[in-house]
1. For a footprinting-style exposure proxy, rank 266, 248 by other Cβ within 10 Å, fewest first.
2. Can you bin the stretch 28-173 into rounded, prolate or oblate? Criterion: square roots of the alpha carbon gyration tensor eigenvalues sorted a ≥ b ≥ c, rounded for a/c under 1.5, prolate for a/b above b/c, oblate for the rest.
3. Based on the mean of other beta carbon atoms within 10 Å per residue, what is the order of 316-324, 165-173, most packed first?
4. Taking the simple approach of a point 7 Å from Cα along Cα-to-Cβ for both residue 120 and residue 329, what is their distance in nm?
5. Once both labels are modelled 7 Å past Cα along the beta-carbon direction, what's the residue 225-residue 337 spacing in nm?
6. Show that you can apply the helix-only estimate: for the chain, add -39,500 (n - 2.57) for every DSSP H stretch of four or more residues, divide by all residues, and state [θ] at 222 nm to the nearest 500.
7. Nearest 5 is fine: what % of DSSP beta bridges in the chain come out antiparallel, could you say?
8. Using Cα pairs closer than 8 Å and at least 6 residues apart in sequence, work out the relative contact order for the chain, in percent.
């Protein structure tokens with residue numbers, strides 16, 4: 001009897017361990033947030049994430065108006081999960097458009113799981129027990145981006161790493177204002193939209209909307225990717241990049257440590273919005289202009305189809321300034337609308 005029982009119990013134990021291992025491999029803790037471009041605020045009415053059986057994983061946070069920026073995560077409001085979501089259902093109000101939107105869509109579960117598993121490499125913070133040691137990490141935030149026209153983009157992020165998962169489309173829906181909030185003044189639908197537009201949308205954006213209309217399509221244009229790299233051209237030929245941190249207009253972000261920088265390879269990425277560079281002695285931060293970068297990149301790609309581009313970073317004497325241009329094959333186009341945010345070191 002013991003000879004029969006032991007293998008039976010061992011097989012149960014082995015299967016249980018396999019099941020626990022499967023759970024650990026397929027579940028990753030994450031917070032859920034909502035973001036919107038600056039000046040185009042939204043507010044969640046109701047929303048949730050669910051699994052492939054349409055069972056609730058967690059709600060989408062209702063934390064009031066959000067307009068913290070396309071490249072930033074919003075407030076989680078205590079909403080979190082660990083099961084990989086398969087569906088999203090979200091209803092929200094877009095104050096700049098005076099509309100309610102709803103998105104009901106399947107999510108690419110396999111891609112989300114693969115992205116969690118792949119993660120990225122981080123470096124130990126200074127002062128840690130093992131300074132400068134590299135370790136594997138992964139994402140911890142699931143962010144739902146909302147842009148004019150019902151554009152929905154999903155990212156996974158953690159610290160300075162952010163990656164797009166998918167783009168979805170929300171559709172206009174009717175939500176009674178009395179179901180959305182207490183409505184103490186008894187406003188009808190139009191009064192609600194008009195008053196909240198004046199209160200929540202910055203004056204500068206109100207003026208732009210009045211003069212030119214809403215910038216539909218802008219955030220989709222940010223999603224176009226190009227093959228390019230930053231190429232440092234020091235005047236003494238001795239300096240070099242030692243670290244790069246990139247933020248892109250499509251909402252993604254990445255870090256390049258010394259090993260990646262030394263490879264000097266081309267990246268497939270959206271136009272850069274903000275970069276942080278360190279050299280052997282100096283450091284700098286640079287912010288780019290979206291219209292200029294789209295114009296220059298598209299023009300060069302039309303003239304040189306499929307050819308990679310170099311953003312040339314050239315310091316002036318004693319690193320008092322930096323001059324930037326974009327090179328593709330034998331053509332160089334100077335940039336003029338970037339801003340050097342800071343230069344320090346030496």
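Every number in this text was worked out from the coordinates using simple rules, so none of it is lab data. The model shown is predicted, which means the values in this text are computed figures rather than measured ones. Counting neighbours? That spans all protein chains shown, and the Cβs are built from the backbone with ideal geometry, glycine included.
1. On the way: 266 13, 248 24.
Sorted ascending by nearby Cβ count, the order is 266, 248.
2. On the way: a/c = 2.29, a/b = 1.59, b/c = 1.45.
Since a/c reaches 1.5 and a/b is larger than b/c, the shape of the stretch 28-173 is classed as prolate.
3. Numbers: 316-324: 13.1, 165-173: 15.1.
So the peptides 316-324, 165-173, ranked by packing, come out 165-173, 316-324.
4. Rounded to a tenth, the inter-label distance reads 3.4 nm.
5. Inter-label distance under the simple model: 2.5 nm.
6. On the way: 8 runs with 85 residues, N = 346.
Computed ellipticity for the chain at 222 nm equals -7500 deg cm²/dmol.
7. Working: 80 of 90 bridges.
Close to 90 percent.
8. On the way: 695 pairs, mean separation 41.9, N = 346.
That works out to 12 percent.
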